[in-house]
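Every number in this text was worked out from the coordinates using simple rules, so none of it is lab data. Since we're looking at a predicted model, the values are computed, not measured. FYI the Cβ positions are ideal-geometry reconstructions off the backbone, even for glycines, and counts take in every protein chain you see.
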Amino acid sequence: MTTTREQTAESADFDRWYRQRHGYPPFPWQSALAARVAAGDWPEALSAPTGCGKTAIVDVWLWARLRGHGVVPRRLVYVIDRRLVVDGVGDYVERLIDSLPVSDRPGLARLRGGITIDEDWLADPRRPAVLVSTIDQVGSRLLFSGYGVSPRSAPIHAGLLGNDVLFVLDEVHLAQPFLRTLAHIQALRGEAITLPWRVLVMSATWTGERTHGLTDADLAHPVLASRLRGAKPARLVKLRKDARRERALVTEARAMRAAGAGVIGVVCNQVARARAVFEALHAEDEAVLLTGRVRPGDRAALLETTLPRIAVGRREAGRAPLYVVATQTIEVGADLDLDALVTECAPLSALRQRAGRLNRVGALGSAPMAIVHRLDKHDPVYGPAVDDAWRWLSKVASGKPKHVDFGLVTMAALMDAEPPPEESAPASPLLLDAHVEMLSRTGIPHGVEVAPWLHGWERGTPDVYLCWRAELADPDPSAALRLAPPIRHELLAVPLHALRRWNADIADVEGTVSAQHPRDTERWGRPLWRWDGETVSRVSITEVRVGDTLVLSPEVGGCDRYGWAPDSSATVVDLGDGERRVRLHPKVHPELAEEILALLDAETTTTEQWRALARRAGLQRPGRVLAHARGCVVLAESAWSSDGAFRPVALADHSGTVGARAEAFARGVGLDGELVDVLRRAGCGHDLGKADPRWQAVVGGDIDTPLAKGPGGDHGWLTLPRGWRHEMASAARQREPLLRHLVGAHHGHGRPLLPCAPDPALWHRLDDWPEVFATLQRRFGPWGLAYLEALLRLADWSVSEEEQRCD
């Protein structure tokens, strides 16, 4: 690619900006990519080996946005199919954001499963944002079926992810089915909404005309050269068919220690095997277990003590010996620096990624590996790709004992001289227009599982999300769960099949293939509760669905400080409290049980008494108190009004402000003038139905000064017909199809059916609703229409939040 004077200037500007953020200059390929993006020449792929700083794609995107270089999508979605690494990349992005002036900071969300608490990115669609996500989380949202997202909120997520987005797929060899699905979505998006939408893949081995990669300048760079040219001799260890892999992995790891290696990684293909190896090593030496199947709260505590000993840049301080036993989650992005590595055989692409954690910054002249393999009929995780890789390694190996150098430059030369077998990607279905039409009808339960479009036909069931709560000791814990719903740091992702068969041997890859096991229902004599983001319901194990967030009793076991532990019957630590709340319940805080029970038994109690207990439970600034029959939830002090009723807001004021906000959102994201005007009018008219005198009786308003929200009147809902909804009454006053739809759908209904049991009078006036919805879908595309809905709904949400804040 020819470098112009303008591109040289842009590279220099990026270099200065990058150095201000990180304290050191970018690599040559990073500067070249920045110049390329500034010129509007976006590549389709980035090819760079592990350890070369691919995460800096976020820096390039953010710099280009801040400098106003061309059409740069407003949101960057960084997709990694490893849960543990989602948090690691999220930490990198958070440090980058914190280095910026407040006015320049984008939003950040980590989408790794369950009911996410990272929803700030939804607050203002004009604000740039970085989302770091697994395929399951972002893919299901994009397909109107978000795991852990309610059907009424699903169109908002789909709309924002289907417009003004740059998708970055890290290690695309793990994401081929999803890559194909993104290509299908690109073809189905339509052209009515002209906001940018791009996909950029990242891999160490990608080739193609529009691929950005390393150059001779990178190979000559003093830092990169040591990383690229360092030797990583991998000894091939072939096991007898009757040999136990766990024992062999332990033996090889101890041999590495005897040879003088300090921090030794042991990588297994399955979680159960990793745990067995960990327990064997931990019995005699210090060891840590890292898998993706761990609660974020446990992970944070684990890495706080472990990461300083194993991360890049910590060698100078000295490192005590440690075994790091891990699963596939170590392959992508994990910023670890090992002295030696023992690994099960895996596909060559996976082995190369694992080797990337070894001597990561080239501080050692040579770092040893051992690859352990036992010939089996069928590997339960990778299938025949493991044997294919072993045969290729055996063919190119040299010396006695046989070894293969996994150093980056040496391995690239080996692959050029003797190309390895191609690794087949899972077959996946085409995403057709008819599929999208069905998925976008979020008001109709269709039962379609989106996993094949995310992981392919060969992959097994995606995950459910588990949390353990002491409140389940109550006969009916539903009220306690509604007041303190599950949050991200306490959720553990496990495959649905593993939940059904508690002691299943599972891999650590999203949607991993597994054999079909009979369901073990004996463990489920205790209640199991589902939280869907809005409601709590008791379910049986046979009623559990993919993506469910489920609450269990800590007494059933299944989790320890290292994560998923299906053989453990020890009581699980309840992580349901946090910085923003505590749950005052005798089982949650047994040290305060007497005081809690005394307050529950007292004829009268004050909020200050509960707040005093909350302080003793660790909440720094207790605020609102939410009581239930068995205890209470105390929230941290916030700017929200602490009383239980809505503050009165005049209907005219609310409608006008929402109209102005929707207009500002639409103009700010770059929609054309006609759509800006429609959204303004939709905001002004979205609550016109609330002018009905019967509604005013409900909220405590009157005809002369109608309210949009209020503390409530004396008549309740008895004054309104059964099934009456204000958005339907508001929509009935509109004539233009798009305007009417936006008004009627602003609470998530009407896709394509209006709520059941409607007011007959309103139903008659809106009887063509499904047909008009279909017409609008064809006109704007499924993601375009959802995006327009999202702009109005987010305008309404943000205004309503501001109206209820204390002065």
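Numbers at a glance
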{"quantity": "Under 5 Å, built H, 5+ apart or other chain: amide partners of Gly107", "calculated": "Ala129, Val130"}
{"quantity": "Residues with amide H under 5 Å from that of Val77, placed H, sequence gap 5 or more", "calculated": "Leu131, Leu166, Phe167, Val168"}
{"quantity": "Karplus-derived HN-Hα couplings along the stretch 413-428 (A = 6.51, B = -1.76, C = 1.60, θ = phi - 60°), whole Hz, x at Gly and Pro", "calculated": "5, 4, 5, 5, 6, 9, x, x, x, 5, 8, 6, 8, x, 5, 9"}
{"quantity": "Alpha-carbon Debye profile of the chain, log10 I(q)/I(0) at 0.06, 0.09 Å⁻¹", "calculated": "-0.42, -0.94"}
{"quantity": "Listed peptides 88-97, 415-424 by packing density, highest first (mean Cβ within 10 Å)", "calculated": "88-97, 415-424"}
{"quantity": "Gain on full stretching of the segment that runs from Arg247 to Thr604 - 0.36 nm per residue minus C-alpha separation", "calculated": "122.2 nm"}
{"quantity": "Residue order, fewest to most beta carbons within 10 Å, for Ser226, Ser537", "calculated": "Ser537, Ser226"}
{"quantity": "Taking Val361, Val582, Val72 and counting other C-beta atoms within 10 Å, the order from fewest to most", "calculated": "Val361, Val72, Val582"}
{"quantity": "Ranked packing of 557-563, 271-277, most packed first, by mean Cβ within 10 Å", "calculated": "271-277, 557-563"}
{"quantity": "Principal-axis tilt of helix 83-98 within the chain, Cα atoms, nearest 10 degrees", "calculated": "70 degrees"}
{"quantity": "Magnitude of the charge dipole, the chain, Cβ model with Lys/Arg +1 and Asp/Glu -1, debye to 20", "calculated": "1520 debye"}
{"quantity": "Built amide H within the under 5 Å cut-off of Gly407, gap 5+", "calculated": "Lys232"}
{"quantity": "Dipole of the stretch 581-636, positive direction: furthest Cα of Gly618, Gly631, Leu597, with charges on the beta-carbon", "calculated": "Gly618"}
{"quantity": "Radius, Kirkwood style, for the stretch 581-636 when every pair of distinct Cα atoms is counted (Å)", "calculated": "10.8 Å"}
{"quantity": "Degrees, to the nearest 10: 5-22 long Cα axis against longest axis of the chain", "calculated": "90 degrees"}
{"quantity": "Peptides 745-752, 620-627, 383-390 ordered by average Cβ neighbours within 10 Å, highest first", "calculated": "745-752, 383-390, 620-627"}
{"quantity": "Residue order, fewest to most surrounding Cβ atoms within 10 angstrom, among Lys395, Lys377, Lys690", "calculated": "Lys377, Lys395, Lys690"}
{"quantity": "Spread of Cα-to-Cα distances over 10 Å intervals beginning at zero, given as percent, for the stretch 580-710", "calculated": "12, 26, 17, 21, 18, 6, 0"}
{"quantity": "Cα long-axis angle, helix 782-803 against the chain (0 to 90 degrees, to the nearest 10)", "calculated": "70 degrees"}
{"quantity": "Neighbourhood charge, 10 Å Cβ-Cβ cut-off, centred on Ser153 and excluding it, Lys, Arg +1 and Asp, Glu -1", "calculated": "+1"}
